[in-house]
Amino acid sequence: MENMMKLIGLILGGLIAINTSAQEIEQCGQKAYLEYLEELQPGINAHIDETFFKALGESSLKTKNKQDTVHTIQVVFHVVYNSNAENLDDELIYSQLRILNECFNRTNPDTVNTRDVFVPLAADAGIQFLLATVDPDGNTTDGIVRESTDLNSFSNSQINLAYSDQVKFAEYGSVAWDTEKYLNIWVCDLSSNGFDALLGYAYPPTNAPNWTNSNSFSTSNRQGVVVHYKVVGEDNPQSLATGSKTLIHEVGHYLGLRHIWGDGGCGVDDFMDDTPRARRASNGCNKGVNTCAEPTGEQYPDMLENYMDYSTGECQNMFTHDQVAQMRANLTTFRSEIYTTQMPDPPTLELVDIETGIHPKPVINDMTVYLAEANDSNDLSFALSIVNMLGQQVYKVDLQNQPVQILSGFAGLKGAYIYIISENKNTIQSGKIIFGY
């Protein structure tokens with residue numbers, strides 16, 4: 001009997017060892033983090049949902065392609081380390097920031113890998129990230145904070161977000177900079193018992209300061225993104241499957257996006273109209289998969305290219321137009337103090353060289369009209385008309401008799417139209433124009 005018990009013990013020990021070594025990586029702890037937040041602050045998930053749908057309503061203007069504004073966010077990296085391997089070189093941080101900007105502005109070189117069916121859906125977010133140059137106290141900084149910790153890792157079980165969140169506090173980690181002014185990114189060891197179990201998670205927009213039932217937990221000191229040190233930077237020698245695309249995924253959560261499969265089956269949605277439904281998270285980069293066939297209409301494969309999936313980093317290369325609109329709406333509605341906005345000036349032209357026409361193309365809200373024929377000293381009368389593809393006039397305004405003027409209020413128009421510029425009721429210029437894309 002004693003020998004039998006020893007044998008059983010050995011078998012059980014072997015099974016436990018096999019199970020531990022086979023432990024799967026949880027690429028994103030967002031769902032578990034929301035469950036953890038709900039335990040600490042009952043009702044917060046309902047408020048997160050309320051925030052999400054308010055932003056969804058605000059994003060009804062689908063800002064497509066190149067944005068008319070660029071939102072710039074100051075970033076601070078908190079590198080919290082217990083070993084030299086975790087204390088990442090500056091170069092890895094710099095390269096990660098470059099990749100973050102490339103992916104959010106669709107200048108990443110792997111956009112060529114977006115499948116043809118999804119190319120029309122891929123969008124530039126018009127959001128850029130800069131390392132902070134001044135800290136909250138007004139001191140010069142390089143935007144990288146380094147703090148040593150006594151903890152071997154910030155996870156003592158496969159996913160323990162309460163334990164992981166200690167990285168945001170002084171005793172074991174690094175205190176957040178003013179989260180109304182900076183995007184805080186904590187880089188630390190999120191492994192569990194020596195195994196890579198969690199790659200990252202983020203605090204979604206909650207509008208907590210305006211929440212009637214908010215308490216100290218809901219305040220800003222937890223706002224930001226946490227990522228495993230092995231997935232930060234280009235050519236990180238310790239990199240895992242999603243690699244440097246992990247941070248893009250987590251910043252997407254920080255700006256209010258959900259997983260494209262909705263953390264459920266085909267009946268659960270991420271509420272983005274231009275992301276095909278999916279039954280589950282993708283694993284790897286199998287582009288032939290369609291896990292949710294539509295009952296009618298056009299069929300789309302699972303969008304493995306999307307940063308909000310779990311596909312490998314080499315496969316991810318795009319956000320969609322609706323995702324971009326949702327992130328920008330969250331910025332302007334719930335994170336309105338964290339960014340600055342730059343509006344590009346209209347092209348500088350010598351007045352003698354201007355040609356009658358409009359800028360930009362496409363038009364989001366403002367339009368610059370150029371009139372080569374305009375002259376304050378003459379009595380010419382100019383007008384601009386917008387007609388739809390059925391020839392119906394939807395907009396008309398008299399123009400000033402001057403070479404350059406700016407018109408506003410086109411946010412309500414979407415799609416393709418014809419513009420007509422007339423002089424004394426005679427057409428002098430016309431052409432196709434796209435609004436709201």
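Each value in this text was obtained by applying a stated rule to the coordinates, not by laboratory testing. These numbers were taken from a predicted model, which means no experiment stands behind them. Positions of Cβ are backbone-derived with ideal geometry, glycine not excepted, and every protein chain shown enters the neighbour counts.
What's the FRET efficiency of residue 140 with residue 171 using the Cβ-Cβ distance as r and R₀ = 25 Å, to the nearest 0.05?
With a Förster radius of 25 Å, E is 0.35.
Count charges around residue 277 for me, please; just the other residues with Cβ under 10 Å from its Cβ, Lys/Arg as +1, Asp/Glu as -1.
-3
Can you pull the one-decimal nm distance between simple spin-label points at residue 383 and residue 150, each 7 Å off the Cα toward Cβ?
8.0
Going by amide H atoms built from the backbone, whose H comes under 5 Å of the H on residue 428, apart from near neighbours?
Result for residue 428 returns 421, 422, 423.
Report the local net charge at residue 108: Lys and Arg +1, Asp and Glu -1, summed over other residues whose C-beta lies under 12 Å from its C-beta.
-3
Collect residues whose amide H, placed 1.01 Å from N in the peptide plane, falls under 5 Å from the amide H of residue 145; neighbours closer than 5 in sequence don't count.
Correct list: 77, 78, 79.
Amide H of residue 128 versus every other amide H placed in the peptide plane: which residues, excluding those fewer than 5 positions away on the same chain, fall under 5 Å?
71, 72, 73
HN-Hα J couplings of the range 415-425 from phi, Karplus 6.51/-1.76/1.60, θ = phi - 60°, integer Hz, Gly and Pro as x?
Rounded to whole hertz, the list is x, 9, 9, 10, 9, 9, 9, 10, 10, 6, 6.
Taking the Cα centroid of the range 376-404 and of the range 222-254, what is the distance between the two, rounded to the nearest whole Å?
Rounded to whole Å, the Cα centres lie 51 Å apart.
Pull out the extension gain between residue 180 and residue 162, defined as 0.36 nm times the separation in residues minus the alpha carbon to alpha carbon distance; nm, one decimal.
The span from residue 180 to residue 162 would gain 4.2 nm if fully extended.
When Lys and Arg each count +1 and Asp and Glu each count -1, what net charge do the other residues less than 11 Å away from residue 303, Cβ to Cβ, add up to?
Result for the neighbourhood of residue 303: -2.
Could you give each residue of the range 120-130 its phi-based ³J(HN,Hα) in whole Hz, using Karplus coefficients 6.51, -1.76, 1.60 with θ = phi - 60°, and x for Gly or Pro?
Going residue by residue, I get x, 8, 7, 9, 8, 6, x, 10, 10, 10, 10 Hz, with x marking Gly and Pro.
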